[in-house]
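The values are calculated or read from the model by the stated rules, or taken from the named source; none is laboratory data. The shown structure was predicted, so the numbers you read here are calculated from the model rather than taken from an experiment. Glycine gets a Cβ as well: all are built from the backbone with ideal geometry, and neighbour counts include every protein chain shown.
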Amino acid sequence: MQQVLGFLILIGSVALLMYGMKVMSEGLQKMAGSKLSNILGTMTTNRFTGLLTGTFITTSIQSSTATTVMTVSFVSAGLLTLSQAISVIMGANIGTTATAWIMVLGSFDMRLVVYSAIIIAIALIYTKRNINLGEFLMGLSLMLLGLSTLKTNAIEMNLGENQALLNFLTGLSGWGYGSYFLFLLIGGVLTCAVQSSAAIMAITMTLCSTGALPIDMGIALVMGENIGTTITSNVVAMSASVQAQRAARAHLIFNLFGVVWVLCIYKYFVYFVCSLVGCDPTAKQQDMVTLNAALAAFHTAFNVCNVLILIWFIKPLEKIVCLLVPHREGEHEDDDMKLKYIGGGLLSTAELSILEAKKEVDVFIVRLLRMYGMVQDLLHTTKDEEFNQVYSRIEKYEGITDRMEIEIADYLTQVSEGRLSVDSKLEIQRMMRVCSELESIGDSCFNMARTIKHKRMYGSEDFTDNQYQHIHSMMGLVGEALSQMQVAISQGEHRHIDLNKNYNTEHEINNYRDQLKNQNILDVNNKLYDYQMGVFYMDIISECEKLGDFVINVIESAGLKK
């Protein structure tokens, strides 16, 4: 019964550690907000600033996966080159080593710090003075509490004296380099299974500090954890763009290269790192803090040395991943058929998922502008075959806009179920309204295309030169409104942009529609064209005016004001 209880405490303490890490990361990301994406987009002018940026962000949010996913999405958006992304990913590998050092702190008796932080966190959360800081302190406290419980339980379970466990691990450790490969594989598989390298690092520290696992085998587990974190991102990137796959593959190659060269000098490297913290790899009995520090030091030295070697070979690494992941035939034609950023599931926190959804909304607008341009082309397409091709593309894009609205809304609904700040909840509501209005713009574009098709099929005449001139002028105003909307939404997070141009263009569209409506009645009465042609003509003009209204609705739904 005692062993069952000990095992349950072991699982519970690991779960508490993982939950604490998640809450702490969420709190930090909520405090940082959009600053993370701004930093990532502006501080990557060269490989060294990219390296520092990746290190800073990952250290701040305690999630190399989150940094990697943000980096990949920026590459897809064209905000970062692949070489810049590789430098950021290298920095993320260094930043993630901070987690191990936090665990080393957990080796000390920190009950006073933990419980004091919990009291402060509860006070901040319930008084709503600073909820994000409160969540960060609560997450940090739970993580340290999980580590402390894990350490205490390991001592009480006498893992170092459990003969069955010792015999099992000794049997696995007696195969020389084969054992290193085995533990490396175990570390990678376990990290993939629990989706947390921090949890496996904590278990490794526990086994080593109790004497159940030799330090050199523990270090092999740590190397496996480094590979395990990259496998997750590669699996997620399988359904993403080519650039996303290349960035994920670069992450895998980076860590695999490190494992290969370290294995070549494994014992020497282990002895060197252990000597830095005063640890003897051959000693059977050692201080727990020293053993934990040795694992953390190896994790840091492994990634730092790897970066120092590969930072000079980013261009060759870029060429290698481009060869491994070539452009797919027909890729560009199929890009618009799927979402660009949010196809791989939710990110590590809801706050970062909102960032991805914002970029998807920007893509939505780009596709609408493309669709509107097709409608303008359709108006002057005379050959039947070309006309049918353009019309089919517009019809396809109408289906794309319908699907994008639903998929983005579903995604935001999932995000809203997470832990969100008040501002983020409002942001989600705004984005859902924006998507609804954007889909209406797509419907308007398709309605204009159908009107043009009906005119071609059933109209006995063509539009007059004056009618074409008026339609061009109206479409030009609508195109200007759409472009202004794109700028407003893309800069919307600043909330300090001049919207007078948007409203002035909308008023101009309304006035022009009224003028053409009155003129159309006179022209039909004067028999300049027949009544049916006038109906087709005014249907296009009226749809343009509706589209202008939807543009203003988008701006207002986004919470932008004059």
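Of note:
Residues checked against (1) part of a helix (DSSP H, G or I); (2) outside the structural domain of F446 (by TED's automatic domain parsing); (3) touching a residue at least 60 places away in the same chain (Cβ under 8 Å); (4) over 48 Å from the mean Cα position of the chain (by Cα):
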residue: R513; (1), (2), (3), (4): yes, no, no, no
residue: V524; (1), (2), (3), (4): yes, no, no, yes
residue: M533; (1), (2), (3), (4): yes, no, yes, yes
residue: L547; (1), (2), (3), (4): yes, no, yes, no
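- Note on region 510-562: residues that are modelled with pLDDT of 90 or more, surrounded by fewer than 13 Cβ atoms within 10 Å (Cβ to Cβ) and charged (D, E, K, R) total 1.
- Annotation: of all residues in region 468-502 being modelled with pLDDT under 90 and over 23 Å from R367 (Cα atoms), the one that is surrounded by the fewest Cβ atoms within 10 Å (Cβ to Cβ) is H496.
- When residues of region 281-311 are limited to those that are without any contact (Cβ under 8 Å) to a residue 12 or more places away in the chain and farther than 26 Å from S148 by Cβ, the one nearest to the chain's Cα centre (by Cα): L308
- Pairs with Cβ under 7 Å, 6+ apart, first in region 385-413 and under 21 Å from V434 (Cα atoms), second outside any helix (DSSP H, G or I): M404/L339; E407/L339; Y411/I342
- If only residues of region 202-242 that are at pLDDT 75 or above and either of a type in the set (D, E, K, R) or not in a helix (DSSP H, G or I) (or both) are counted, the one that is nearest to P326 (Cα to Cα) is E225.
- Restricting attention to region 204-217, the residues that are within 32 Å of the chain's Cα centre (by Cα) and under 11 Å from I186 (Cβ atoms) total 1.
- Filter result for G20 (at pLDDT 65 or above, touching a Gly at 6+ places or on another chain (Cβ under 7 Å) and crowded, with 24+ Cβ neighbours inside 10 Å): no
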